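Taking it in order: structure first as structure tokens, then the write-up.
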Amino acid sequence: MTDGISTSSTGARPGRRGWFLRFRRDRRGATGIEFAMLALPFSLLMFAILESCISFAGQEMLANAADDVARQLRTGQIKSTEMTQPKLKKLICDRLGIIVDTSCPGLIVDLRQYATFEDAAKVKIKYTSDKDIDTTDFAVTPGPSMSKNMLRVFYKWPVMTDFMRSAMSNLKDGKTLHFAAVIWQNEPFND
């Protein structure tokens, strides 16, 4: 050994094969490399699970709010003659307050009377050409006692993680449309 470089007995430096064998035997950085290889997929999986769970909880709360308001309309606890779109939105928004903004900016409601249950079941969700929900024929016109009604509640749910937005969103603004519908016949109550 002359200048800090080891040489073999013949005086030549070790070849590439010797360097590669030493590199393969050296395990000091293996944990760091394995972590780097697994951190990104693991993080993506965790964000996908969290995003899906929170979105599912929001969907369930929306369905429960629609059921609760529909029950009060069905039994006459809420007078159908006094119902307006702002009042209906407030009733539903108050029940969603734990998981969404208190003003419920993405909330859309549609409450109408139908002649038969079959007519109500034929109503479909319509979209505009630019991938937004078409609300042109939405109204709040509940029927009187013994009438058949349908309440449809929509919420434009924001996708929180940017890299999940393209996979989870189904609306033009990168949001997911949550939806709940309840069809019922009003009980015999005094209007």
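Assorted remarks:
- Any hit, region 174-187, residues being without any contact (Cβ under 8 Å) to a residue 40 or more places away in the chain and within 23 Å of the chain's Cα centre (by Cα): yes
- Taken over region 80-95, the residue count meeting the criterion of being modelled with pLDDT under 90 and surrounded by 13 or more Cβ atoms within 10 Å (Cβ to Cβ) is 1.
- Among the conditions (1) under 30 Å from LEU50 (Cα atoms); (2) touching a residue at least 12 places away in the same chain (Cβ under 8 Å); (3) touching a Ser or Thr at 6+ places or on another chain (Cβ under 6 Å), ARG112 misses just one, which is (1).
Yes or no, residue by residue, for (1) of a type in the set (A, V, I, L, M); (2) assigned to a helix (DSSP H, G or I); (3) in contact with a Ser or Thr (Cβ under 7 Å, 6 or more places away or on another chain); (4) surrounded by fewer than 17 Cβ atoms within 10 Å (Cβ to Cβ):
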| site | (1), (2), (3), (4) |
| --- | --- |
| PHE20 | no, yes, no, yes |
| ILE33 | yes, yes, no, yes |
| PRO41 | no, yes, no, yes |
| MET61 | yes, yes, no, no |
| ASP67 | no, yes, no, yes |
| ARG74 | no, yes, no, no |
| ILE78 | yes, no, no, no |
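- Residue match in region 80-97 (condition: in contact (Cβ under 8 Å) with a residue 60 or more places away in the chain and in contact with an Asp or Glu (Cβ under 8 Å, 6 or more places away or on another chain)): yes
- Among the residues of region 90-127, those identified as basic (Lys, Arg) and farther than 12 Å from LEU151 by Cβ are LYS90, ARG95, LYS122, LYS124, LYS126.
- Residue within region 122-144 that is loosely packed, with under 13 Cβ neighbours inside 10 Å and touching a residue at least 60 places away in the same chain (Cβ under 8 Å) present: no
- Residue check, ILE99 under 30 Å from ARG165 (Cα atoms), in contact with a strand residue (DSSP E or B) (Cβ under 8 Å, 6 or more places away or on another chain) and not charged (D, E, K, R): no
- Of the criteria (1) within 25 Å of the chain's Cα centre (by Cα); (2) at pLDDT 95 or above, which one TYR127 fails: (2)
The values are calculated or read from the model by the stated rules, or taken from the named source; none is laboratory data. Because the structure is a prediction, the values reported are computed rather than measured. A quick note on method: Cβ atoms are made from the backbone with ideal geometry, for glycine too, and the neighbour counts reach across all protein chains shown.
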